[in-house]
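The values are calculated or read from the model by the stated rules, or taken from the named source; none is laboratory data. Every value quoted in this text rests on a predicted model; they were computed, and no experiment measured them. Counting neighbours? That spans all protein chains shown, and the Cβs are built from the backbone with ideal geometry, glycine included. Protein only, heavy atoms only, side chains kept; ligands, DNA and RNA dropped before computing areas. Shrake-Rupley method; radii C 1.70, N 1.55, O 1.52, S 1.80 Å.
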Amino acid sequence: MSILSRRASSLAVNSSLPYIYLSQIPYAKALSLQSHLVTRRLKARKQLQSPSSLTTEENARLQHIANTDILLLLQHPPTYTTGRRDRKRAEGDVNNVGSEEKRLREFGAEYFETLRGGQTTFHGPGQLIGYPILNLQNYKLSVKCYVAAIERVIIETCDAFGIKAQTSEHTGVWTDGEKICAIGIQVQRYITSHGFALNCNTDLSWFDHIIPCGLVDKKVTSMTKQIAKQQQIEFADKETNQLQRKKREMSVEIVLPVLTEKFGNMFERSMHPLGCFDDSEIGLRRVISESISK
């Protein structure tokens, strides 16, 4: 049973939830896309406050824009991002302004300051990124309960592959005392953005250059690493290492269909690829395509 089963709104406009996998796109484009989708929904909601000035067709179009949730799934090239807490700390340290960005860029990664919650983390290939653009009012969820729901999605996804994960006093999802998924969200007038980053077969050495999420004594892990540990695989030589890893790599493409299923179960929505079953979603697909092609 979903932890949302007693909270999901009986007035929710859609019982289905579209998702789209964008493959690997630069962080700046994903940031711009999220901002555009959130602003688009808020603008439509505002226009609907004066229904008498709208035609029937305009009203229907705006209702669709205002009420269509979507789950964006993707990967990023190597990128370090910082949240609100690290931004405030940096602003208070005049001698440190810009130095951390310069240091991290020297490793060949991009660097962005964001408005999400949390502190510095890494995004890169092999990491399944999820940016849900949802109206929390449709689910009667507080921000705290929404984060808990995301954590449960990740835990159940890991469990499907035999990885026992759990929450802790720190935000995110953990296994064997190591962080396997970071979570950082932003909510504007009930519309969510940003989201989660699940390490599938991520190169974990990128995390060596930072204190992930500001937790000094904590390490990060991946689904590939956890499965290797569980099976107690020891590689005798480099050739065997490469061969065995190829067989056991938990790629984003392997994890993605399981995660979308668990997401749908948790939020009590039927998941489907954007635009596959509903012609009215073609417009949204076009908006996304145009946004990331700029």
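What the table shows:
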| quantity | calculated |
| --- | --- |
| Qualifying positions in the stretch 30-70 - open to solvent by less than 60 Å² (accessible area, probe 1.4 Å), within 15 Å of residue 293 (Cα to Cα) and either of a type in the set (Gly, Ala, Ser) or touching a helix residue (DSSP H, G or I) at 6+ places or on another chain (Cβ under 7 Å) (or both) | 30, 33 |
| Qualifying positions in the stretch 1-29 - closer than 23 Å to residue 151 by Cβ, modelled with pLDDT under 85 and open to solvent by 40 Å² or more (accessible area, probe 1.4 Å) | 1, 3, 5, 6, 7 |
| Residue selected from the stretch 180-200 under the condition open to solvent by 50 Å² or more (accessible area, probe 1.4 Å) and in contact (Cβ under 8 Å) with a residue 60 or more places away in the chain, by the criterion nearest to residue 75 (Cα to Cα) | 188 |
| Qualifying residues in the stretch 126-179 (those that are touching a residue at least 12 places away in the same chain (Cβ under 8 Å) and of a type in the set (Ser, Thr, Tyr)) - the one farthest from residue 33 (Cα to Cα) | 175 |
| Filtered residues of the stretch 249-284 (kept if assigned to a strand (DSSP E or B) and under 21 Å from residue 129 (Cβ atoms)) | 271, 272, 273 |
| Looking only at the stretch 235-294, and only at residues there that are at pLDDT 95 or above and open to solvent by 90 Å² or more (accessible area, probe 1.4 Å), the one that is nearest to residue 157 (Cα to Cα) | 261 |
| Failed condition for residue 170, given (1) surrounded by fewer than 18 Cβ atoms within 10 Å (Cβ to Cβ); (2) in a helix (DSSP H, G or I) | (2) |
| All positions within the stretch 137-165 that are under 18 Å from residue 116 (Cβ atoms) and polar (S, T, N, Q) | 142 |
| Within the stretch 110-156, strands (runs of 3 or more DSSP E) holding 3 or more residues that are open to solvent by less than 20 Å² (accessible area, probe 1.4 Å) and closer than 27 Å to residue 209 by Cβ | 121-123, 127-133 |
| Yes/no for residue 105 being more than 20 Å from residue 193 (Cβ to Cβ), among the basic types (Lys, Arg), at pLDDT 90 or above and surrounded by fewer than 18 Cβ atoms within 10 Å (Cβ to Cβ) | yes |
| Which numbered condition residue 50 fails, given (1) more than 23 Å from the chain's Cα centre (by Cα); (2) among the polar types (S, T, N, Q); (3) modelled with pLDDT of 95 or more | (3) |
